[in-house]
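Novice: Here's a structure for you.
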Amino acid sequence: MEQDRMIRLSKRMSKALRHQPERVGLTLDPAGWVPVAALLDALKISAEDMLEVVERNDKKRFTVDGDRIRANQGHSVEVDLGLPTAVPPDVLFHGTVAAYLDEIMRNGLRPMSRHDVHLSPDRETATRVGARRGRPVILAVDAKAMHGDGHEFRLSANGVWLTQHVPARYLHS
């Protein structure tokens, strides 16, 4: 499958599995799963194309488990991914753009329309995330201090670290 087509299909799958399942007639179970057959039917796509997106997506956004599929994180609809708390590395990273920097440094990182703040394990990944909206600015998160102060972290299946809020005092540019 050509790259542009794969990106378009990945975005359609994300919308269906993370944000607006009802628009294509899907109902996510409480943990975010839907039958693969239902997704294929709703999006009018082949199993081969769906599996290629799952396997080739550089962000590993989706997981297939037998005859069901879900997004690994990033939902704006209510789901409980059942991710256990985990001890984060000392430092995590967040990619953003300069337009949001003043607000972030005042109020910290907030989940906005999602359930959690997404943090990257390395600068390279955070740079790719931030570059989606323009020239990236990378913030370092003192995850060790946050965790020590009682903030919880969870690790998604694709290596994204999740937390409810990152107060500004833990951020460094």
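Coordinate-derived values only; no laboratory data. Only a predicted model underlies this, so the values are computations on that prediction, with no experimental measurement involved. FYI the Cβ positions are ideal-geometry reconstructions off the backbone, even for glycines, and counts take in every protein chain you see.
Novice: How large is the dipole of region 3-71 about the Cα centre if only Lys and Arg carry +1 and Asp and Glu carry -1, each at its Cβ, rounded to the nearest 20 debye?
Specialist: Dipole magnitude for region 3-71 comes out near 400 debye.
Novice: Further, regarding this structure: Quick check: the angle from helix 98-107's long axis to the longest principal axis of the chain, C-alpha only, nearest 10 degrees?
Specialist: For helix 98-107, the angle is close to 60 degrees.
Novice: In bins 5 Å wide, starting from 0, what share of all Cα pairs of region 92-173 does each bin hold, as a percent?
Specialist: Calculated over all Cα pairs of region 92-173, the distribution is 3, 16, 27, 31, 18, 5, 1 percent.
Novice: Please give the calculated 222 nm ellipticity per residue for the chain, where each DSSP H segment of at least 4 residues contributes -39500 (n - 2.57) and the sum is spread over every residue; nearest 500 deg cm²/dmol?
Specialist: Theoretical 222 nm ellipticity from helices: -9000 deg cm²/dmol.
Novice: Sticking with this structure for a sec: How big is region 3-71 on each of its three principal axes, counting only the C-alpha atoms and giving the largest first in Å?
Specialist: Over region 3-71, Cα extents along the principal axes are 30, 23, 19 Å.
Novice: In nm, what is the difference between 0.36 nm times the number of residues separating Glu52 and His172 and their Cα-Cα distance?
Specialist: 39.4 nm
Novice: Rounded to a whole number, what is D in µm²/s for the chain from Stokes-Einstein with the Kirkwood radius over alpha-carbon pairs (25 °C, 0.890 mPa s)?
Specialist: 145 µm²/s
Novice: If you place +1 on the Cβ of every Lys and Arg and -1 on the Cβ of every Asp and Glu, how big does the dipole about the Cα centre of the chain come out, in debye to the nearest 20?
Specialist: Computed charge dipole of the chain: roughly 560 debye.
Novice: Relative contact order for the chain using alpha-carbon pairs under 8 Å, separation at least 6, rounded to a whole percent?
Specialist: 22 percent
Novice: Right, here's the next one. Given 0.36 nm per residue, what is the gain on full extension from Ala37 to Gln3 after removing their alpha carbon distance, in nm?
Specialist: Stretched out fully, the Ala37 to Gln3 stretch lengthens by 9.8 nm.
Novice: Continuing with this model, one more query. Work out the length of the dipole vector of region 91-172 about its Cα centre, built from +1 on the beta-carbon of each Lys and Arg and -1 on the beta-carbon of each Asp and Glu, and round it to the nearest 20 debye.
Specialist: Computed about the Cα centre, the dipole is about 240 debye.
Novice: Take Asp122, Asp116, Asp102 and order them by how many other Cβ atoms sit within 10 Å, fewest up front.
Specialist: Lowest to highest Cβ neighbour count: Asp102, Asp122, Asp116.
Novice: Which longest run of the chain has no exposed loop site in it, a site being GluC sites (Glu not before Pro) in a DSSP loop with at most 14 other beta carbons within 10 Å, and the site itself not part of the run?
Specialist: No qualifying site falls inside 3-77, the longest such stretch.
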